[in-house]
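Written out below as structure tokens is the structure these notes cover.
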Amino acid sequence: MGYTLIERQVTSGASTSALDFDFGTTYDEHLFTVHKYAPVTDERQLTWQVETGTDTDYDKPIQSINYLRSMRLDGTLVGPEIYNGVAFYQTIGDQDPQWLMVGEGGTSDTGDFNQNHMRGQGEITFYAPHNTTHVKHWLANGLGVYTGNRTAGQTYSYALYTAGYVKETAALTTVRFAPRTGNFQAGVTIAQYGLS
């Protein structure tokens, strides 16, 4: 048996600031897939954060590790630990949204910088989010594209692999996906699948 589609949400305009999904108690694993991520504003990562039924501030402490590789369009391999002033990883004292991929806003409609091509893709799996004994583990990977000034030396493809846990023993009820600031562009699709 494979994953069961629970819900799919697609942004229809540039006014959507967040997409929320409920975990429920039916499935032991929840896989979320992201297709065509793009924020309205450049350099706004796609982030996620969770809540429990008794605390709805989306501020749970997260411990995470990461592996990042990036290739510029001119063929240079790079691997920064900080992007736009924000770390890829978090320590257990951090309660910020964890990010999943780089986001490109608008560039142009031609050549290597076609904004329709520069969309992010990725997935994240949460394990036993309804468990009330253990902390909640997750595993994710995201691929994003960003261009600084529409040149080959400033256009990057970022592959980010992250894993960690939410330091929370209460059942998780909801996960929220959102650009770090601002809104989604239209056409971003996030689907939720469950595995018993």
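The values are calculated or read from the model by the stated rules, or taken from the named source; none is laboratory data. Since the model is a prediction, treat every value here as computed from it, not as a measurement. Glycine also receives a Cβ, built like all others from the backbone with ideal geometry; neighbour counts cover every protein chain displayed. Ligands, DNA and RNA are excluded from the accessible area calculation, which covers all protein heavy atoms including side chains. Shrake-Rupley method; radii C 1.70, N 1.55, O 1.52, S 1.80 Å.
Side notes on the structure shown:
- Residue in the stretch 14-33 that is surrounded by the most Cβ atoms within 10 Å (Cβ to Cβ), counting only those that are of a type in the set (A, V, I, L, M, F, W, C) and part of a loop (DSSP other than H, G, I, E, B): F23
- Of all residues in the stretch 133-157, those satisfying the criterion of being outside any strand (DSSP E or B) and open to solvent by 30 Å² or more (accessible area, probe 1.4 Å) are T133, H134, V135, G148, N149, R150, T151, A152, Q154.
- The set of residues in the stretch 114-132 being of a type in the set (F, W, Y) and either open to solvent by 20 Å² or more (accessible area, probe 1.4 Å) or more than 19 Å from the chain's Cα centre (by Cα) (or both) consists of Y127 alone.
- Sole residue being open to solvent by 60 Å² or more (accessible area, probe 1.4 Å) and of a type in the set (S, T, N, Q), chosen from T47, T11, T56: T56
- The combined condition, being out of contact with any His (no Cβ under 7 Å at 6 or more places or on another chain) and either at pLDDT 75 or above or aliphatic (A, V, I, L, M) (or both), is not fulfilled by T107.
- Hits in the stretch 184-196 - residues which are under 30 Å from D74 (Cα atoms) and open to solvent by 40 Å² or more (accessible area, probe 1.4 Å): Q185, A186
- Residue count for the stretch 59-90, restricted to those that are modelled with pLDDT under 85, open to solvent by 70 Å² or more (accessible area, probe 1.4 Å) and under 24 Å from L172 (Cα atoms): 1
- Some residue of the stretch 158-180 being under 24 Å from F88 (Cβ atoms), open to solvent by 20 Å² or more (accessible area, probe 1.4 Å) and aromatic (F, W, Y): yes
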